[in-house]
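Down below is the structure, laid out as structure tokens.
The values are calculated or read from the model by the stated rules, or taken from the named source; none is laboratory data. Small disclaimer: the values here were computed from a predicted structure and weren't measured. Reconstructed Cβ throughout: ideal geometry from the backbone, glycine too, with neighbour counts over all protein chains shown. SASA here: full protein model, heavy atoms, side chains in, ligands and nucleic acids out. Shrake-Rupley method; radii C 1.70, N 1.55, O 1.52, S 1.80 Å.
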Amino acid sequence: MKDSTKRFKEELNCVFDDNLHTKQWHNVVDWLIISLIMLSTIEIFLSTFDVVSDRYGRLLNWIDLFTQVFFTIEVTLRIWNADMLDPKYKGFKGRLRYCCSFYGLIDILATYPFYLSYFVRVPFTLLKTLRVVRLLRVFRYMHSFQLLSKAINSKKSELLVSLNFLVVVTVMMSFVLFFVEHEVQPEVYENGWSSVVWAFAQYIGDPGGFADMPPMTLCGKIIACLVGIMGIAIVAVPAGLVGSAFTDVMDEEKHEEEVRENIERIEHAFRWEKDQQHTGLSWVPAYKPIDTIMTKQFIPSDAVVEAVANSDDLHLYNLAKAVNAADSPMDRVVVVNTYRNRPYGCCIDRGSKVTIVSTSGHDEPITTWVAYHVAKLGGFNFVSKDVELSPDDPVSYYNISDPEAEENLKLYLADINALSAREGAWVVPMCFCIGPKSRLHQIHLVYSPEKGDEGYSHPKKTIQDVDKFDGFVKDFTATIEEQFGHKTDCNKYYRIVPNNIAYHLSCPNVFALRIESRVVYFAANRFGVIKAIADLLNKHFEPDVVKSLPQDMANPPKKRFGMRDYIG
């Protein structure tokens, strides 16, 4: 799909989301659709008056034609764009499935039969009747109807059980009624069908009078009383079930609104901070402890956990996982704010030859924060995995056992390959480690399948442009040690295993940048390290491109919170 077509379909999806509280111009379209539905209904109503029809018939016909053409275009676009509403509507069969849905069927019945009249003779009354059905489309935008629909759906199993019970009992009583009344009124109850019709007709008040044949025997009268009681039950039981469900749905929606408010309040806890000592830049904090959110935002801990569980942009992380076990870390649960625009996490194309990749963001969300800032400060592309489809059976995106394991992984690899298809491209997967403090090196560059290999002779190394990379390694090692005292090694502690992500990418130059967590998770100068890494990557892999610091980080606007206002 072309980018322009994709963007157009995404805009249509926002228009057709039936939400009256989206972007302003989307709301204008929604209200225009509602207004024309009402105008069409008024036109049909006025056309029923002979005086109005005789005097303003031409105007009414023009209104009818205009609304018909408008809704034809709208319904056709809805069908074409149905796959954006739900993946199950993809392809020809998917579009047919959409057309058979409740609103899809209403759209078609209220629109396309008009054109059928040009080819076959269709009664005018039928056309007008179908056009009145168009008024049902307003239900799309009515919150009360949506609540009622949810209530019925939540109790459909109970309603079905009660209906089955009612039908079975009624049929049984109808047969008994036939047996006791047939001998007394053989001409009235001549077969089982007549007794069944009589019983079910009582439930709807027998408006046609076709079951006006009261039983005469004592047993028949008793059955008639029981049928009357069942007639009360047929209204009372479903009404009670739906009423109870309606209350539950309203309470649930109120709770969901509270959760949404808590999500927004938690994101507001991520007020931008300024690195006063090292870079002078502003950034979104890496994390916020739950205790801080409780005391600053006045949200209970269980509400914080629930809000994070219902958010795409918030994650929980235990900082004890970022500390070596030998240091006896204490549990400290924090909230991390990320940004999601892809099913697997985040993808940002900045047109760069360098792509920074976070492979384990769901398990290590602070990793994503670090990798994102390296990419933003350097003006690089960014791809991160922040979504785990099955937390009980996690799939690694750093060492990949099966590239077809899940759709998210396939899309993740496809996006990285698309971004790194440019000439002279480099891909840098970033992941972190928790070695002991006695470890001499804190930053690890990994590109060889053999641990301890500091050269470039291995046939399965993941670097092809050796000269450029070797210059980077030497400069990187000297600069990071001189400025921050951190030592760098090549393949000393880690290696590229056979199923590493590098072997699933088409880019000829891939190396993993593994950093001890204490260097970029806890150190006071961590942002200085991040900026230095970005500058060194730019210096060696994209020196021909003039770049400037992100404007929002250099001169932040007032009242900025979280990652949503920060992506760019």
- Query: What accessible area per residue comes out for region 432-538, rounded to a whole number of Å², with a 1.4 Å probe?
  - Reply: 41
- Taking a probe of 1.4 angstrom, what is the accessible area of residue 56 in Å², to the nearest 10? 110
- Task: Return the percentage of antiparallel bridges among DSSP beta bridges fully within region 321-390, rounded to the nearest 5 %.
- Result: 55
- Relative contact order (percent) for the chain, with alpha-carbon contacts under 8 angstrom and 6 or more residues of separation? 11
- Taking the simple approach of a point 7 Å from Cα along Cα-to-Cβ for both residue 102 and residue 326, what is their distance in nm? 6.3
- Can you tell which of 351, 61, 87 lies farthest toward the positive end of the dipole of the chain, using +1 and -1 charges on the Cβ of basic and acidic side chains (Lys, Arg; Asp, Glu)? 351
- Item | Chain lengthening between residue 422 and residue 555 when straightened (0.36 nm per residue, less Cα-Cα) | 44.7 nm
- Query: To the nearest 20 debye, what is the magnitude of the charge dipole of the chain about its Cα centre, counting +1 on the Cβ of each Lys and Arg and -1 on the Cβ of each Asp and Glu?
  - Reply: 1540
- Go through 134, 514, 121, 97 and list them by solvent-accessible area, largest first, probe radius 1.4 Å. 121, 97, 514, 134
- Dipole magnitude of region 56-95 about its Cα centre, charges +1 at Lys/Arg Cβ and -1 at Asp/Glu Cβ only, in debye to the nearest 20? 180
- Nearest-20 debye value, region 443-545 charge dipole, Cβ charges on Lys, Arg, Asp, Glu: 420
- Leaving ligands, DNA and RNA out of it, work out the accessible area of residue 100 with a 1.4 Å probe and give it in Å² to the nearest 10. 100
- Query: Considering the dipole of the chain built from charges on the beta carbon (Lys and Arg +1, Asp and Glu -1) around the Cα centre, which of 503, 268, 37 is farthest to its positive end?
  - Reply: 503
- Item | Sorted peptide list for 516-524, 4-12, criterion being average Cβ within 10 angstrom, highest first | 516-524, 4-12
- Item | Accessible-area ranking of 162, 401, largest first, probe 1.4 Å | 401, 162
- Note on the structure: Pseudo-spin-label distance residue 69 to residue 50, built 7 Å along Cα→Cβ, given in nm, is 3.3
- Nearest-0.05 FRET efficiency for residue 158 and residue 7, computed from C-beta distance (R0 60 Å): 0.85
- Fully extended contour minus Cα-Cα distance, from residue 401 to residue 119, at 0.36 nm per residue: 95.6 nm
- Item | Spin-label proximity, residue 77 to region 32-59 - amide N less than 12 Å from point 7 Å beyond Cα toward beta carbon | 32-33
- Report the full-extension gain for the segment residue 414 to residue 545: residue separation times 0.36 nm, less the Cα-Cα distance, to one decimal in nm. 44.6 nm
- Message: With the crude spin-label approximation of a point 7 Å out along Cα→Cβ, what separation in nm comes out for residue 318 versus residue 487?
- Response: 3.2
- Note on the structure: For region 230-286, the percent of accessible surface on carbon and sulfur atoms (probe 1.4 angstrom, ligands and nucleic acids excluded) is 54
